[in-house]
Amino acid sequence: MKKILVSIGAVALGAATVHAESAAGMSMNDNSRVWSVAASLRGFYDDNYTTSTKGSERETFGMSISPSISVKVPMDQTTLGFRYIYGATWYADRSSLNSTNSPWDQSHEFEALFSHSFSERNTLDISDSFVVAQEPELLNDLGNNYRTAGNNIRNHGEITFNGGLTRKLSYVLGYQNYYYDYENSGGNFFQPSLSGLLDRIEHEALFNLRYQASLKTVLVGGYNYRQVDYTSDESIALVGLTPVDSTIRNSRSHIIYAGIDQNFTKEITATLRVGAQFTDYYNDPNSSKSTTPWVSGSLAYTYAPGSNFRLGVSHMLNQTDVVAPDPVTGSVTTDQESTVIFGNLTHQFTSNLSGSLRGQIQISQFQNGLYDGSSDTFYDVGADLTYRFNNHFSGQLGYNYSTLTSDIATRDYDRNHVYIGVTAAY
């Protein structure tokens, strides 16, 4: 399953790993319990909870409550899984403002998984992750690293079929899509809304061949087709004297790559895909076609029971909330060419105490438009400790720092977030 997901080349490789697990990440190894429930209570301090630019920050104390339920039904050849996480966050600063805005934010995460083995060589995996949220790590949109008020929706659906042709040769057929719907709407070409800039559906289909070169080595060659369709009918820019809507940024990409899956030892595994992405912005006659590198890779090392390290990298195109047209060429900002590097270290100090370190760097260069060649750089690092009092209760202490620096004025921000909390699980 994990190898198939690496093959599909998900755009949000780094963010998905550093932050919450996806539906495909639900553990299917522990068959001791069909269902489980949990609830977390945390208090926190955040020095820039609105992710505002420097000089406009708002700080706050607050608390969050997050109950969850998971259901897993393993059968002989089929596994079904479902998880729901509810989040409610209270901000003291918003409460003291006495504004019409509620001091509470709410989030919902729904995840579902279906896995079926027709035979030893032929398997089908289907997963879906639906989120209503405000924080960027939950929305998992590389084109928007800001906290966004409102009930913003992200859905990620995925289906893969793994089939065997011979003892050494197999293939993977897959399809995934991302759907984004931001609540902020009603903009125009002078001040476009987030809905106008980022509402879209991203489709990606793949086919690749896998050759078992040795017991520990699999060679991979493949092709992905990616299409981005913007769904808002709002005007987002003025090109010359003509207002244009979001569909001017629609694109089609052909991705060709080769790679390897390598098991160095039982504890160390690696995957790498390297290729090229050919993209056509077919609705914008002023934006040139692009040819960019395409890379997806990861290294995983389990060095002790309960202790592991993972490092990953991706380089590909992603969408952006910047649209500024170039008054000379008439082209709009179509997307970003981004490199994401992430790492995650989990260490078991004792049977009761564990900790983790995580970090992500995202370097993005704007494509076309007024800021063609300009860059955004986003850093996100965090650390936490978890102490397990018994099988049902644990305590957590954590810290997270994120910052965005940009060649474009008024985009920079810094954010520090520290929390302490308890979790009950059964």
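The values are calculated or read from the model by the stated rules, or taken from the named source; none is laboratory data. Treat the numbers as computed from the prediction; the structure is a model and nothing was measured. Methodologically, a virtual Cβ is constructed for each residue, glycine included, from the backbone with ideal geometry; neighbour enumeration extends over all protein chains shown. SASA here: full protein model, heavy atoms, side chains in, ligands and nucleic acids out. Shrake-Rupley method; radii C 1.70, N 1.55, O 1.52, S 1.80 Å.
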| remark: Within segment 336-360, residues surrounded by 17 or more Cβ atoms within 10 Å (Cβ to Cβ) and part of a loop (DSSP other than H, G, I, E, B) come out as none
| task | Residue by residue through segment 120-142, note down the ones that are within 14 Å of Asn155 (Cα to Cα), open to solvent by 30 Å² or more (accessible area, probe 1.4 Å) and not hydrophobic (A, V, I, L, M, F, W, C). | result | Asp128, Glu137
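Of Tyr45, Tyr49, which residue is modelled with pLDDT of 80 or more, of a type in the set (Phe, Trp, Tyr) and assigned to a loop (DSSP other than H, G, I, E, B)? Give the steps one after another, and end with the answer.
Numbers: Tyr45 fails: assigned to a loop (DSSP other than H, G, I, E, B).
So the residue among Tyr45, Tyr49 that is modelled with pLDDT of 80 or more, of a type in the set (Phe, Trp, Tyr) and assigned to a loop (DSSP other than H, G, I, E, B) is Tyr49.
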| task | Filter segment 385-414 for residues that are assigned to a strand (DSSP E or B), farther than 20 Å from Leu357 by Cβ and either open to solvent by 60 Å² or more (accessible area, probe 1.4 Å) or in contact (Cβ under 8 Å) with a residue 60 or more places away in the chain (or both) and give the result. | result | Phe393, Leu404, Tyr413
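Does Tyr211 count as of a type outside the set (A, V, I, L, M) and surrounded by 21 or more Cβ atoms within 10 Å (Cβ to Cβ)?
Details: of a type outside the set (A, V, I, L, M): yes; surrounded by 21 or more Cβ atoms within 10 Å (Cβ to Cβ): no.
No, not satisfied.
Could you please give the count of residues in segment 295-307 that are open to solvent by 30 Å² or more (accessible area, probe 1.4 Å) and under 20 Å from the mean Cα position of the chain (by Cα)?
Residues meeting the conditions: 3.
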| task | Under 6 Å between Cβ atoms, at least 6 apart or on separate chains: pull out the pairs that start in segment 57-85 with a residue that is over 23 Å from Phe114 (Cα atoms) and end on any residue that is of a type in the set (Asp, Glu). | result | Arg58/Asp93; Glu59/Asp47; Thr60/Asp46; Thr60/Asp93
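Output the residues belonging to segment 230-243 that are out of contact with any Asp or Glu (no Cβ under 8 Å at 6 or more places or on another chain), open to solvent by 10 Å² or more (accessible area, probe 1.4 Å) and in a strand (DSSP E or B). Please lay out each step first, then the result.
Here is the first cut: in segment 230-243, the residues out of contact with any Asp or Glu (no Cβ under 8 Å at 6 or more places or on another chain) are 237-243.
Still in the list and also open to solvent by 10 Å² or more (accessible area, probe 1.4 Å): 238-243.
Scanning segment 230-243 gives Leu238, Val239, Thr242, Pro243.
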| field | Pairs where the first residue, in segment 169-198, is over 17 Å from Gln134 (Cα atoms) and the second is basic (Lys, Arg) and at pLDDT below 95, C-beta under 8 Å, 6+ apart | value | Ser170/Arg121
| In segment 66-100, residue nearest to Asp128 (Cα to Cα) [restricted to those that are among the β-branched types (Val, Ile, Thr) and surrounded by fewer than 17 Cβ atoms within 10 Å (Cβ to Cβ)] | Val71
| request: Specify the residue that is farthest from Ser290 (Cα to Cα); the eligible residues are those in segment 366-384 that are part of a strand (DSSP E or B) and of a type in the set (A, V, I, L, M). | output: Ala383
| Restricting the search to segment 251-294, which residues are within 17 Å of Gly221 (Cα to Cα), touching a residue at least 40 places away in the same chain (Cβ under 8 Å) and open to solvent by 30 Å² or more (accessible area, probe 1.4 Å)? | Ile260, Gln262
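Which count do you get for residues in segment 53-71 that are at pLDDT below 95 and either part of a strand (DSSP E or B) or within 16 Å of Arg147 (Cβ to Cβ) (or both)? Even if it seems obvious, please write down each step before you answer.
To start, the set of residues in segment 53-71 that are at pLDDT below 95 comprises 53-58.
Right, trim to either part of a strand (DSSP E or B) or within 16 Å of Arg147 (Cβ to Cβ) (or both) and you get 53-54, 56-58.
Total meeting the criteria: 5.
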